[in-house]
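Okay, so here's the structure we're looking at.
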Amino acid sequence: MPFITRICLPVAASLALAGCATSPLANKTADDAAIYTLQHSSLDARYNFDGTLRISNLDIPAELGSLANPDLVKDVARSFSFDMRGAVDMPASRIELVPTFRFARPNVESWVRVPMLFQLNTLTAWVDASALDLALPQLHGKLLKLNVPQDKVADIPVDAVMRDLPLIIREAYSAVDKKAFTFQPLSESDRQKGASYRIRLTLDPAADAQLGRVMLQEVAARVKRYSASKEVQALADKLSEEVAKTQGELASDSQTELLVDSQAKLLAMEEQRTLRVPKLTGFSMTLRTQMAVRNHGQPVFTVVPTAANVLTLDELKAPSWFAGVTGKHDGEEATEAAEPEADAAEAAAPAEAVPVPPKAAAKAKPRKPQAKK
């Protein structure tokens, strides 16, 4: 064996072993590895994502089958899809979401896309509603700005809750039975994506409901802890109550798989979730979600508000065709608003200035002409 080879092989093997040993997921159980990955992803959440959500199966009760052909209903449901892409920069409290609602059949396709940007710490949203610019020409090339009154924003501790997100994730997923987490074998496609682990989380309806309930309880507890507003604290309690009621009306079981690299970086997520309504026997809907994560640490945003391309609701004016629909024209509301002032002026006029009604004038006797002296 050549001398250089005898030196290089041990060095290469040592580097490989060192790389495995320094992996933060090395020797962790499946549940610990999954929780660590989710916490790490939320703490350093700066990436782009692309994903798709589709209805893969739909079962309807027999009594509803008489209203529409079940196979036709399933076919129509499968024709819809929800594509999504966007960017996340949690240290900057910013999330971009570009959903595309799509309907596709052989030789026919239609879609609507609504790009949105959310600034979480100020509770502000910018929406690109250009899909409506034929009806509202002002929206062409503009972002519509929507925001909560800023005097209320200080009462909602968004930044404080987001800083505790890793703790919220730990508490919620630690409440799940450890046996629900399992390592799965990697495929060749997984390895080509750079994955070192595939972790599966399987939840039945009870476990799924518990996960959602604990997650919400942890968020509500922090809202109440960090907010001094009694109104906001009461709202957090009310939201928890409403979600608890909803969980009793809708049940779901899920199977989620996380694709993770050796440094606990989330590369992709796949999920199959089946929804059922306990009060509606025979109904179930299965949703399949796939999401890929890229540009870790360097997210690229496509929705960029500027002073020149932002329009507020106050600046949005009704188009000219709207007057034909409502029967009102510009300035008409101002005229109507001014009418009460005119009525008030008439009421303040002297009594003798009021004209005599025609009937009263007809009853008055004519005066006889006087003879000249």
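First check a/c for segment 116-233, with a ≥ b ≥ c the square roots of the eigenvalues of its C-alpha gyration tensor; if it is under 1.5, answer rounded, and if not, answer prolate when a/b is larger than b/c or oblate otherwise. Please list the in-between numbers first.
Details: a/c = 2.77, a/b = 1.34, b/c = 2.07.
It is oblate, given that a/c is not under 1.5 and a/b is not larger than b/c.
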Taking the alpha-carbon centre of each part, the distance from segment 270-308 to segment 76-118 in Å is 9
What is the local net charge at Tyr197, summed over the other residues whose Cβ is closer than 13 Å to its Cβ (Lys, Arg +1; Asp, Glu -1)? +1
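Show me the trypsin sites (Lys or Arg not before Pro) within segment 240-322 that DSSP assigns to loop and that have at most 10 other Cβ atoms within 10 Å of their Cβ. Please report the intermediate quantities before stating the final value.
Values: sites: Lys245, Lys265, Arg273, Arg276, Lys279, Arg288, Arg294, Lys317; in loops: Lys265, Lys279, Lys317.
Passing sites in segment 240-322 are Lys279.
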With a Förster distance of 35 angstrom and the Cβ-Cβ distance between Gln290 and Asp133, calculated FRET efficiency to the nearest 0.05 equals 0.65
With a ≥ b ≥ c the root eigenvalues of the C-alpha gyration tensor of segment 23-314, is it rounded (a/c under 1.5), prolate (a/b larger than b/c) or oblate? rounded
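Ranked highest first by average number of other Cβ atoms within 10 Å, how do 103-111, 42-50 line up?
On the way: 103-111: 9.7, 42-50: 17.6.
Peptide ranking by packing, descending: 42-50, 103-111.
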Using 0.36 nm per residue, how much length does the chain from Ala318 to Phe101 gain when fully extended, once their Cα-Cα distance is taken away? 75.5 nm
Asp44: net charge of surrounding residues, Cβ under 14 Å, Lys/Arg +1, Asp/Glu -1, itself excluded? +1
By how many nm would the segment from Val108 to Ala62 grow when fully extended, if each residue of separation counts as 0.36 nm and the alpha-carbon distance is taken off? 13.5 nm
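Given R₀ = 56 Å, FRET efficiency for Thr302-Thr281 by Cβ-Cβ distance, to 0.05? Display every interim value, and only then the final one.
Values: r = 45 Å, r/R0 = 0.81.
Once rounded, the FRET efficiency stands at 0.80.
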Evaluate the charge dipole of segment 80-158 about its Cα centre and quote only its size in Debye, nearest 20, assuming +1 on the Cβ of each Lys and Arg and -1 on the Cβ of each Asp and Glu. 160
In whole Hz, what ³J(HN,Hα) sequence does segment 166-174 give by Karplus (6.51, -1.76, 1.60; θ = phi - 60°), x for Gly and Pro? x, 5, 5, 4, 4, 5, 5, 7, 6
Would you list Ser262, Ser320 from fewest to most Cβ contacts within 10 Å? Ser320, Ser262
Using θ = phi - 60° and Karplus 6.51 cos²θ - 1.76 cosθ + 1.60, couplings along segment 199-207 (whole Hz; Gly, Pro as x): 10, 10, 10, 10, 10, 7, x, 5, 5
In the structure shown, do any of Lys28/Lys238; Lys152/Lys238; Lys178/Lys238; Lys179/Lys265; Lys179/Lys238; Lys28/Lys193 have a Cα-Cα gap over 27 Å, and if so which? Lys28/Lys238; Lys178/Lys238; Lys179/Lys238
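Fully extended, how many nm does the chain gain between Val73 and Arg163 (0.36 nm per residue separation, minus their Cα-Cα distance)? Before the final figure, lay out each step's value.
Working: separation 90, 0.36 × 90 = 32.40 nm, distance 4.43 nm.
Length gained, Val73 through Arg163: 28.0 nm.
Can you sort Met84, Met116 from fewest to most other Cβ atoms within 10 Å of each residue's own Cβ?
Met84, Met116
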Spin-label model distance (nm) - Ser189 vs His140, 7 Å beyond Cα toward Cβ: 4.3
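Every number here is computed from the coordinates shown, using simple stated rules; none is lab data. What you are looking at is a predicted structure, and each value in this text was computed from that prediction instead of being measured. Note that we place each Cβ from the backbone using ideal geometry, even for glycine, and neighbour counts take in every protein chain shown.
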